[in-house]
Amino acid sequence: MILRAAPTGGTAVAGVIGDPVAHSLSPALHNAAFDATGLDWTYLAFPVTAGRGGEAVAAMKTLGVRGLSVTMPHKEAVAEAADEITPAARALGVANCLVLGDDGNVTAHNTDGAGFVRGFEAWSGSQLLGMRVAVLGAGGAARAVIDACARAGASEVRVVNRTPEKAERAAALAGDVGTIGRADQLGDVEVIVNATPIGMGDNPGLPCDPGGFTGGQFAVDLIYHPRETAWLVAAATAGARTQNGLAMLLHQAAVQFRLWTGIEPPLDAMESALPG
Ligand code: NAP
């Protein structure tokens, strides 16, 4: 590992804004990447209270902060306040990454969906192109995955959600390949993604019955606390190939690193910075 020198007047600054932000894993991930590459950058956590996301975009320009990760509750506000916005962030209406360009303009990106696709494809060795994918949930994470799977060429993106109206809106993100499905009819899809919080921390239960899963299916849980949810354990027992949410977390950060620095992210170093 190349260790960076102490910050100087020339050190580039990146960071994360949110509330709360103290427990974010992003500083560990990005500072590990700067250490590994020897780039003269540093990454900090900035607590920014609700309603001040737009001010943070302006401050980014004033202070010359080169890149920001964005978490709750600012994802919508920064998407509105940025000078430019990518198609994925515009479609979702939320951004989780800001880039300060050489022209002084701030561009809003959403790297969650790309992080999911890269994390899945790197781990599975399979392309989402032509696959049938079911997504359990229709909230922020689900919408990013639905949009990205459709952009990656999935042949069907089936949304399964408790509230039908939200399922309809989320499926619309996938255009012609977006459909609505039921949790008890998932035998014909290749990939099943849990994008609900069921199974996270103290939230008990299973987002769908994994009893019928097969060895040909991939079961991906976006949850990473715990590393292995009861749903993933049951899916593996039924023969499915299983992946937790750490891959999406890692790869969305790697996409941000590349956007800010223009260089290839040191994935191994970033992965080592994740909690064991
Ligand atoms: P969110 O916006 O609150 O959406 C949650 C979704 O889950 C909603 O569609 C909701 O259904 C559904 N849901 C919640 N409780 C349910 C229950 N008891 N029964 C059935 N459906 C239920 O949450 P989010 O931000 O999308 O996060 C979802 C999960 O993804 C969380 O576990 C989060 O930690 C994880 N996540 C992981 C990453 C990563 O990098 N790995 C990134 C982002 C999020 P309704 O529409 O009916 O309310």
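Some points to look at:
- Sorted largest first, the principal axis extents computed over the alpha-carbon atoms of the stretch 167-227 equal 36, 27, 17 Å.
- Computed over neighbours whose Cβ is under 14 Å from that of ALA79, the net charge equals -3, Lys and Arg +1, Asp and Glu -1.
- Compared with the direct C-alpha span, the chain from ARG90 to ARG169 gains 27.0 nm at full extension, assuming 0.36 nm per residue.
- Taking the average, over residues, of other Cβ atoms within 10 Å as the packing measure, peptides 21-28, 195-202 rank 195-202, 21-28 from highest down.
- Springs between Cα atoms under 10 Å define the GNM used for the chain, and in it the highest mean-square fluctuation of LEU259, LEU249, LEU98 occurs at LEU259.
- The orientation-averaged projection of the convex hull spanning the C-alpha atoms of the chain amounts to 14.5 square nanometres.
- Net charge of Cβ neighbours under 14 Å - reference ASP209; Lys, Arg +1; Asp, Glu -1: 0
- Size of the stretch 115-163 as Cα extents on the principal axes (Å, biggest first): 33, 19, 16
- Accessible surface area normalised per residue over the stretch 113-244 is 44 Å², counting heavy atoms of protein chains with a 1.4 Å rolling probe.
- The stretch 113-244, accessible surface, carbon-and-sulfur percent (1.4 angstrom probe): 52
- Percent of beta bridges antiparallel (DSSP, the chain, rounded to nearest 5): 20
- For ILE180, nonlocal amide neighbours, meaning residues 5 or more places apart or on other chains whose placed amide H falls under 5 Å from its own, are VAL159.
- Modelled spin labels at THR11 and ALA28, positioned 7 Å past Cα toward Cβ, are 2.1 nm from each other.
- Counting only Cβ charges, +1 for Lys and Arg and -1 for Asp and Glu, the dipole size of the stretch 59-121 around its Cα centre is about 140 debye.
- Rg ratio (alpha-carbon, reference 2.2 N^0.38 Å) - the stretch 156-261: 1.14
- Formal net charge of residues neighbouring SER124 (Cβ-Cβ distance under 13 Å; K, R +1; D, E -1): 0
- For the chain, adding -39500 (n - 2.57) for each run of n ≥ 4 DSSP H residues and dividing by the number of residues yields -10500 deg cm²/dmol at 222 nm.
- Over the C-alpha trace of the stretch 86-206, radius of gyration and Dmax come out as 15.0, 52 angstrom.
- Using C-alpha pairs under 8 Å with a sequence gap of at least 6, the mean separation divided by the residue count of the chain gives a relative contact order of 16 percent.
The values are calculated or read from the model by the stated rules, or taken from the named source; none is laboratory data. All of these numbers come straight from a predicted model, not from anything done at the bench. With ideal geometry, Cβ positions are generated from the backbone for all residues, glycine too; neighbour counts draw on all protein chains shown. Just the protein is used for accessible areas: all its heavy atoms, side chains included, with ligands, DNA and RNA removed. Shrake-Rupley method; radii C 1.70, N 1.55, O 1.52, S 1.80 Å.
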